[in-house]
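I have placed the structure first, in the form of structure tokens, so that the comments after it can refer back to it.
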Amino acid sequence: MSKKIDYRFCFGPWNISEGADPYGPPTRPPQSFDWKLRQLKKLGFDAMMFHDDDAVPDIDRKSPTQILKEAKELKKRLDSEGLVAEMVAPRLWFSPLTVDGAYTSNDPKCRQYAINRSLRSIDIANILGTDVIVLWLAREGTYIREAKSGRRSIDWLVVALDKMLAHDKRARLAIEPKPNEPMDHAYVPTIGHALALAQLTRDPRRVGCLIESAHAILAGLDPADEIDFACAFGKLWSLHLNDQNGLKYDQDRPFGCTNLRSAFDQVRALERNGYGRKGEFVCFDVHPFRTTKPEHWLDHLANSRRTFERILAKVRSFDEAAASRLIANRDYQALDQMVIEHLLGSNHD
Ligand code: GLO
Ligand code: MG
């Protein structure tokens, strides 16, 4: 492998969440955005991810001029803290106008709202100095199959992506697929779907993807293979590392906490593809447990990063030559054990 990559890390303000779940209220008091930004800096992370309304709160009530003014103020704050914005994502799943989907809503007024809001997100990204627009297509799918046409939904998604691509010639759209939750079935459940959709747009080179470990697992896929697949197209522009214990609700657990070996495979895939060389960040889309006390509120982020760095050391010290010899001899049993022994380390470590 050529020169080693120095990874840069980020998370979003929503990753310092208050503990509410569908069955109970928050368990930690809310904190301001400024407090969250200070914590990010204290932890030594490099960048913050933004929903459009993390950057400009109450965005739906503000005029385009006001939105740009507030984005500029935020940019000044980020500059003064020496931080950058990794991406901006339109939050298209909160508003009453996106109840029945955003770009694929059956109501044309709602589809237009989603497009307008996405264009504002691109304007904000421009001001914050990032060209990455993340599209988690949260409500683009079905609860009731017969209520929508899957074919028409793909056409509408292409219309929306084309409008965004035309709005700004530099913007790159990173689709974050997730197979379910909140929808029964999403129209873009995997990286393969995202990259195929890109081909239908007016500028396929500017439509790529973001892989989230948990989302790949929910789709029954191996996150490391998803990373290799996206990188084969040069289209992995962002990454949400986390973990997930089986096929259930999206858990956003700390990276590596459930499956260390899968974490090893994911970092190995990042290394062999040179992820980060073009400025991409490693983001942790992780949440504190509901039981976490306020004084331990940031630990899931610090721990995810620490696990990443320790796993990275394991990847870099893995005896690739010995592994190649076992592969050449088709001794995968020995290879399997070699990985386990390497991850376990010596009993005297
Ligand atoms: C939820 C997603 C969500 C997105 C974020 C950025 O399952 O992972 O956290 O990553 O809203 O668009
Ligand atoms: Mg995510």
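The values are calculated or read from the model by the stated rules, or taken from the named source; none is laboratory data. Quick caveat, the model's predicted, so the values are computed rather than measured. FYI the Cβ positions are ideal-geometry reconstructions off the backbone, even for glycines, and counts take in every protein chain you see. Protein only, heavy atoms only, side chains kept; ligands, DNA and RNA dropped before computing areas. Shrake-Rupley method; radii C 1.70, N 1.55, O 1.52, S 1.80 Å.
Can you pull out the strands (runs of 3 or more DSSP E) entirely within segment 1-106 that have at least 3 residues that are aromatic (F, W, Y) and over 28 Å from Q251 (Cα atoms)?
Where strands (runs of 3 or more DSSP E) fall fully within segment 1-106, none carries at least 3 residues being aromatic (F, W, Y) and over 28 Å from Q251 (Cα atoms).
Consider G256 against the criteria (1) within 16 Å of ligand 1 (Cβ to nearest atom); (2) out of contact with any His (no Cβ under 8 Å at 6 or more places or on another chain): it satisfies all of them except one. Which criterion is unmet?
Single failed check for G256: (1).
P288: closer than 25 Å to H193 by Cβ, within 16 Å of ligand 2 (Cβ to nearest atom) and crowded, with 16+ Cβ neighbours inside 10 Å, yes or no?
Criteria not met by P288.
Might you check whether a residue that is part of a loop (DSSP other than H, G, I, E, B) and open to solvent by less than 50 Å² (accessible area, probe 1.4 Å) occurs anywhere in segment 334-345?
So far as segment 334-345 goes, yes, one or more of its residues are part of a loop (DSSP other than H, G, I, E, B) and open to solvent by less than 50 Å² (accessible area, probe 1.4 Å).
Of the residues S304, S238, which single one is part of a helix (DSSP H, G or I) and either surrounded by 13 or more Cβ atoms within 10 Å (Cβ to Cβ) or within 16 Å of ligand 2 (Cβ to nearest atom) (or both)?
Just a single option satisfies the conditions, and that option is S304.
What are the residues in segment 159-176 that are open to solvent by 10 Å² or more (accessible area, probe 1.4 Å) and either away from ligand 1 (no atom under 15 Å from the Cβ) or on the phi > 0 side of the Ramachandran plot (or both), if any?
V159, D162, K163, A166, H167, D168, K169, R170
Regarding segment 249-266, can at least one residue be identified that is buried (at least 19 other Cβ atoms within 10 Å of the Cβ), more than 18 Å from I311 (Cβ to Cβ) and of a type in the set (K, R)?
No; the residues of segment 249-266 include none that is buried (at least 19 other Cβ atoms within 10 Å of the Cβ), more than 18 Å from I311 (Cβ to Cβ) and of a type in the set (K, R).
Step by step: first the residues of segment 129-146, then only those that are over 30 Å from K72 (Cβ atoms) and not in a strand (DSSP E or B), then the one that is most open to solvent (accessible area, probe 1.4 Å). Which residue is that?
E146
Being crowded, with 16+ Cβ neighbours inside 10 Å, at pLDDT 95 or above and in contact with a strand residue (DSSP E or B) (Cβ under 9 Å, 6 or more places away or on another chain) is true for just one of K62, K75. Which residue is that?
So the residue among K62, K75 that is crowded, with 16+ Cβ neighbours inside 10 Å, at pLDDT 95 or above and in contact with a strand residue (DSSP E or B) (Cβ under 9 Å, 6 or more places away or on another chain) is K75.
Find all pairs meeting these conditions: Cβ atoms under 7 angstrom apart; at least six residues apart or on different chains; first residue within segment 280-301 and in contact (Cβ under 8 Å) with a residue 60 or more places away in the chain; second residue within 14 Å of ligand 2 (Cβ to nearest atom) and of a type in the set (D, E).
Correct list of pairs: F281/E86; C283/E86; D285/E212; D285/D252; V286/D252; H287/D252.
Is there any pair with a first residue in segment 131-146 that is in contact (Cβ under 8 Å) with a residue 60 or more places away in the chain and a second that is of a type in the set (S, T, Y) whose Cβ atoms are under 7 Å apart and which are 6 or more apart or on different chains, and what are they?
V132/S238; V134/S238
Can you pull out the residues in segment 1-44 that are farther than 23 Å from T291 by Cα and either of a type in the set (G, A, S) or within 16 Å of ligand 1 (Cβ to nearest atom) (or both)?
S2, F9, C10, G44
Would you be able to tell me the number of residues in segment 182-218 that are of a type in the set (A, V, I, L, M), surrounded by 19 or more Cβ atoms within 10 Å (Cβ to Cβ), away from ligand 2 (no atom under 16 Å from the Cβ) and not in a helix (DSSP H, G or I)?
Of the residues in segment 182-218, 1 are of a type in the set (A, V, I, L, M), surrounded by 19 or more Cβ atoms within 10 Å (Cβ to Cβ), away from ligand 2 (no atom under 16 Å from the Cβ) and not in a helix (DSSP H, G or I).
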